[in-house]
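The values are calculated or read from the model by the stated rules, or taken from the named source; none is laboratory data. Since we're looking at a predicted model, the values are computed, not measured. Don't worry about glycine lacking a Cβ; one is built from the backbone with ideal geometry, like all the others, and counts go over all protein chains shown.
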Amino acid sequence: MIYRKKSKLGKIIKIITLIVFIYACYNVDYFKNNKYVIMVKSKIGDTISTITNNEGLSALIEHYEPDDEDNTIYEISDSQDRYFYDQLDDTSKIIYAEILNNIDKIKNGEDYIKISSKLSTLSNSQDMSTALMNSFQNAWDAFRNDNVDIFYIDGSKMCLVTKTIKRGNKINYEFYISKGKNSNYLIEEFNTSEEVEKAVEFVKNAENEILSTVTEKNDYYKIVKIHNWIVENLEYNLEESNNNSNIYGALKDKKVVCEGYARLFKSLMDKLEIPCVLVSGEGIDLETGNRENHAWNYVYLKGNWYAIDTTWDDPVIIGNGTISKDLNYKYFLKGSKNFSQSHISNGRLVENGIEFIYPELSIEDYVREK
């Protein structure tokens, strides 16, 4: 075997070549304008700037983040149909999914929950803060309408925080969910995650008890059974309550407003795997013409969508009067021809939010096959 000594001349030639290359990068037009050379120069400049910015090399290493694609998991992980989620833009979908995937941290009151840096795509907009605020609001509106079982979060206590990081000429952003000055993210009914867990367990047991009575295999009869349970067991609440509009109040207190009726109906439909959406808008009293904010449901049955209003099928009776069976089904599985006379849907849930599109109703009412 023959060993050859490495030539010193070769090392000298490499050093000279490197020096000439660096000189050319900064002084020869061909190299100065080459996009790859520009990228290398930018990296060198960022590194030198960081080291000399009173931080030192240790700070550079500590704060180093690779430029690889963000691998944060923000996709929806379960198979539940999410009607409102599907209508969001990509940015709002990321925020929606991050709320869902971090729900335990939110429940426990953890502050500054780091979420996907893919939101930095908004950094090119003229007013990133406004764009993020709108995206967050749209995400939350879709989230609370799709996930009626997550009843314990107060969206007004949750905010999106942007952290700006400057490294030389480069600006990066980090994003966090924060509770701001609030002690937690919970509605007024709850103060701790332990209280929430007890409420969640109560709701689960109460719903399972209701669902255990649904032995029918036909979707129509399943819908009838849930509709009847709600009409027979709930009472419209004319007084203020922390749980007036959620499924916990519907199952625990049995007294809620229209939104509580509609949310419980959707929650039970979800468990039965029957497509159902929450609908907001105005209800119109056909006798007086009076209008009021209202909530109801659309449900999918045998290829079409139909409207159901369990609240108005459970009218408030003054005194000890009773109502006919027909009145209990006046707003049950209705098509647009009849239902739209007294119900006007509105997909714009907040003033500056997007306008969600509801399913198109069957024109005619559902007719049960005999």
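Of all residues in region 207-223, those being crowded, with 17+ Cβ neighbours inside 10 Å and over 20 Å from Leu333 (Cα atoms) number 2.
Against the conditions (1) part of a loop (DSSP other than H, G, I, E, B); (2) touching a residue at least 40 places away in the same chain (Cβ under 8 Å); (3) within 28 Å of Ile354 (Cα to Cα), Phe175 satisfies every one except (1).
In region 224-240, what count of residues is obtained for those that are surrounded by 15 or more Cβ atoms within 10 Å (Cβ to Cβ) and either of a type in the set (D, E, K, R) or under 18 Å from Arg263 (Cβ atoms) (or both)? Even if it seems obvious, please write down each step before you answer.
The first filter runs over region 224-240 and keeps only residues surrounded by 15 or more Cβ atoms within 10 Å (Cβ to Cβ), leaving 224-231, 234, 236-237.
With either of a type in the set (D, E, K, R) or under 18 Å from Arg263 (Cβ atoms) (or both) added as a condition, the list becomes 225-231, 234, 236-237.
Residues that pass the stated criteria total 10.
Among the residues of region 245-254, those that are in contact with a helix residue (DSSP H, G or I) (Cβ under 7 Å, 6 or more places away or on another chain) and surrounded by fewer than 19 Cβ atoms within 10 Å (Cβ to Cβ) comprise Lys252, Lys254. The condition of being surrounded by 13 or more Cβ atoms within 10 Å (Cβ to Cβ) and either modelled with pLDDT of 95 or more or not assigned by TED's automatic domain parsing to the domain that holds Leu234 (or both) does not hold for Asn352. Of the numbered criteria (1) free of Cβ contacts under 8 Å to residues at least 24 places away in the same chain; (2) not in a helix (DSSP H, G or I), the one Thr130 fails is (2). Identification of strands (runs of 3 or more DSSP E) wholly contained in region 233-308 with 1 or more residues that are free of Cβ contacts under 8 Å to residues at least 60 places away in the same chain, small (Gly, Ala, Ser) and within 16 Å of Tyr331 (Cβ to Cβ) yields 291-301, 304-308.
When the residues of region 145-172 are filtered to those that are assigned to a loop (DSSP other than H, G, I, E, B) and in contact with a Ser or Thr (Cβ under 6 Å, 6 or more places away or on another chain), the one that is nearest to Asn108 (Cα to Cα) is Asp149.
Considering (1) at pLDDT 95 or above; (2) more than 12 Å from Gly281 (Cα to Cα), the lone condition that Ser340 does not fulfil carries the number (2).
Yes/no per residue for (1) within 24 Å of Asn138 (Cβ to Cβ); (2) under 27 Å from the mean Cα position of the chain (by Cα):
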residue: Asn172; (1), (2): no, yes
residue: Phe175; (1), (2): yes, yes
residue: Glu188; (1), (2): no, yes
residue: Asn205; (1), (2): no, yes
residue: Thr215; (1), (2): no, no
residue: Asn218; (1), (2): no, no
residue: Leu234; (1), (2): no, no
